[in-house]
Amino acid sequence: MRIGWYINRLRSMGPAEVLHRLDEQRRRIVSRRRDDGWERYPSPQLHPVLRGLRDAALTATPVLRQAIAAAAQNTLCGQFSALGQTWPRRNRDQLFAPELWRFDPVTGELWPGPESHTFDIDFRHRGDRGDVKYVWEINRLQQLPPLAAHLLLAGDDQAGAAIEAAIDSWHSANPPFRGIGWASGIEVALRAISLIVTLDLVGDRLGAATRQRVGEILAASAYWLPRFPSRFSSANNHLVAELAGQYLISLVFGTESAAARNALLAEVHKQILADGAGAEQTPTYAAFTAELILLCAAAARQAGKPFPPAAEARLAAFADFVGWLPRKAIGFGDDDEGRVLTLGDEPGYVRSIAAAIHGLLGMPGNVPETDDFRSLFFGAPLGPAPAAYGLQTFTQGGLSVWRGEMNGRSVELTFDHGPLGYLSIAAHGHADALSLTLCIDGEPVLVDPGTWLYGSGGGWRDWFRSTPAHNTLNIEGKSQSIMTGAFNWSHKAVAALAQSERGQHWKLRARHDGYKGRFGVVHQRTVAQQADGILVTDQLLGGRRMAEIVFQLAAGLRASRDGTTVMVLRGDEPLLAVRFPDAAVDIRAGGDTPGQGGWVSPRFGARQPAERLAWHGQVGEDGIQIHLAAIAPSQR
């Protein structure tokens, strides 16, 4: 498996990246011999970064104070949950044992600790310890800012003692650069950001020894991040996190890294496209990227050197993009629930980031929830923005959204005609070209299947990002793009919007070439609004093939077939009628192996069986038509 991974990875690299990787390996060898030990990273003087944060925190609403207190109490009671898992509860008198930082909550196994250099730990190919995402999640120290806010607001000395215990334990158990906690730059950066925010909230209440340890962790991180950056095919959200970490650490050290700032500003325009969509083809990763940039923009303002208007405008464009997405079904592509500032489980994350952007920029927008932790950092929008209705196409991002009314129901539809993903490996994209999603009265009906797991997902990881799992056409169960690893693709389908007609009866037409090389055909899909619903026409240009057209239902819905029509119901209430050209429709949920039936992953690490409608038949240039119609609320 390792040899195959390296071969496929090399195929995604150009000559410059190959040379970079060779030099990176040389630097790794040198670091094994030279860079260990806290004594090499003395703490410099530490300066505030978010200077107005304390005053803002003291104005927190009662609801937000209660949410902060609840998050802090979870930590003080030895509870930690993330990525769909709950860690074993710890005793109050030993909240942060050294083993905590390398414990996997699924397998119960321990990852290597300080006895191992971080580059000697195989986290990509060893499956016996579990998915490395879990052990990395707790090492981000994102429990500390809520504890710090609680200490500031409630004066709870237990919170202060817990912060010191966590920092002292992590420092002792993770010397540079030993153990799993140093293995990835994004983890180093997010941990540094957690510590900086904690200092800004309650640094004066921490003991001198703890502050020194924070400074040493930050100094070691400042050395590590630019030495092993994510570049070339890896320069996605990881690079943004690393640059944000470098920039904020430089501010806490009393300087400003011009190199980190300039590189970060360049990434703003690469990773948030001109129309506001994310280049990685996943709204949640775009929100994560935007949150990192937003925190740096807030810090730059307080340092008296605000980011240029063009960078802030790009953030505003992303917030506007979010305003068009369906409120409860805004996910597609990968989502590993990455956050920068968080109180814990947060289903409204993407909309929270849009509200934070509008808050910092002083614009109307989506009003955040009353318990939104980010409102302390960025403020709230200047009132609500008008709701978006009609048809909107995001040309660079490759997504069209329609929001309107059908048969007395509110309907939100998305049509994906964008690229597979970002850069040569398209790490977080799914093979979902020409896929649809549909919400009725704000609730998901036809959905993207979700993510499930990363490193430990195996064949299920492949299923959840495959074409047959999405609401589009596939040929012989094959994906449009060809996977060559959990985060890599070789052949990538190229999709394009071919026609867009606005008006009362709008029409969208798009096509992709993912099947041209293997099957000699191009998939073209036309989505058109009619007086009584939406007509979906699928064609295979250049030939005729047996195909499958899929509609994945949300969990909790059921399907009832009557001849060529499938009725989708929530309980006993009919929501949607799907009329197929004939009765060759298979309806299945679940199954022991991928592809037997429908599955959805509502969050990372969780999956649920859900009914999947799959029509099978011959498709050619004449095309086949499927009609979607919302059912009026009173109709039975």
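The values are calculated or read from the model by the stated rules, or taken from the named source; none is laboratory data. The shown structure was predicted, so the numbers you read here are calculated from the model rather than taken from an experiment. Ideal geometry is used to build each Cβ from the backbone, glycine not excepted, and the neighbour counts take in all protein chains shown.
Any residue in the stretch 219-241 that's touching a residue at least 60 places away in the same chain (Cβ under 8 Å): show its pairings with residues that are acidic (Asp, Glu) and assigned to a helix (DSSP H, G or I) at Cβ separation under 6 Å, as long as the two are six or more apart or on different chains.
232/17
Looking only at the stretch 370-388, decide whether some residue is at pLDDT below 95, closer than 29 Å to residue 430 by Cβ and in contact with a Phe, Trp or Tyr (Cβ under 9 Å, 6 or more places away or on another chain).
yes
Cβ-Cβ below 7 Å, separation at least six or inter-chain, first residue in the stretch 65-85 and of a type in the set (Ser, Thr, Tyr), second assigned to a helix (DSSP H, G or I) and at pLDDT 95 or above: which pairs?
Note: pairs meeting the criteria are 75/147; 75/162.
If you scan the stretch 263-286, which residues turn out to be assigned to a helix (DSSP H, G or I), in contact with a strand residue (DSSP E or B) (Cβ under 8 Å, 6 or more places away or on another chain) and either among the small types (Gly, Ala, Ser) or modelled with pLDDT under 95 (or both)?
286
Quick check, is residue 314 assigned to a helix (DSSP H, G or I), more than 18 Å from residue 273 (Cβ to Cβ) and out of contact with any Lys or Arg (no Cβ under 8 Å at 6 or more places or on another chain)?
Here the answer is no, as residue 314 does not meet what is asked.
Are there any pairs with C-beta distances below 6 angstrom linking a residue in the stretch 374-388 that is touching a residue at least 60 places away in the same chain (Cβ under 8 Å) and more than 7 Å from residue 356 (Cα to Cα) to a residue that is surrounded by 17 or more Cβ atoms within 10 Å (Cβ to Cβ) and of a type in the set (Phe, Trp, Tyr), with the two at least 6 apart or on different chains, and if so which?
Close Cβ pairs (under 6 Å, with a partner that is surrounded by 17 or more Cβ atoms within 10 Å (Cβ to Cβ) and of a type in the set (Phe, Trp, Tyr)) amount to 388/324.
Look at residue 478 and say whether it is under 22 Å from the mean Cα position of the chain (by Cα) and either hydrophobic (A, V, I, L, M, F, W, C) or assigned by TED's automatic domain parsing to the domain that holds residue 607 (or both).
No: the conditions fail for residue 478.
When you go through 431, 495 one by one, which is the residue that is in contact with a Lys or Arg (Cβ under 8 Å, 6 or more places away or on another chain), of a type in the set (Gly, Ala, Ser) and over 22 Å from residue 595 (Cα atoms)?
None of the other options fit; the residue is 495.
Identify, from the list 86, 75, 61, the residue that is exposed (fewer than 12 other Cβ atoms within 10 Å of the Cβ) and either farther than 22 Å from residue 183 by Cα or not assigned by TED's automatic domain parsing to the domain that holds residue 135 (or both).
Being exposed (fewer than 12 other Cβ atoms within 10 Å of the Cβ) and either farther than 22 Å from residue 183 by Cα or not assigned by TED's automatic domain parsing to the domain that holds residue 135 (or both) holds for just one of 86, 75, 61, which is 86.
Of the conditions (1) more than 16 Å from residue 187 (Cβ to Cβ); (2) touching a strand residue (DSSP E or B) at 6+ places or on another chain (Cβ under 6 Å), residue 147 satisfies every one except a single condition; which number is it?
(2)
Give the residue, chosen from 437, 393, that is part of a strand (DSSP E or B) and either buried (at least 24 other Cβ atoms within 10 Å of the Cβ) or hydrophobic (A, V, I, L, M, F, W, C) (or both).
437
Considering each of 525, 588 in turn, give the residue that is in a strand (DSSP E or B), buried (at least 22 other Cβ atoms within 10 Å of the Cβ) and of a type in the set (D, E, K, R).
None of the other options fit; the residue is 525.
Identify the residue in the stretch 500-525 that is in contact with a strand residue (DSSP E or B) (Cβ under 7 Å, 6 or more places away or on another chain) and without any contact (Cβ under 8 Å) to a residue 24 or more places away in the chain and, among all such residues, is farthest from residue 417 (Cα to Cα).
Per the criteria, the residue is 501.
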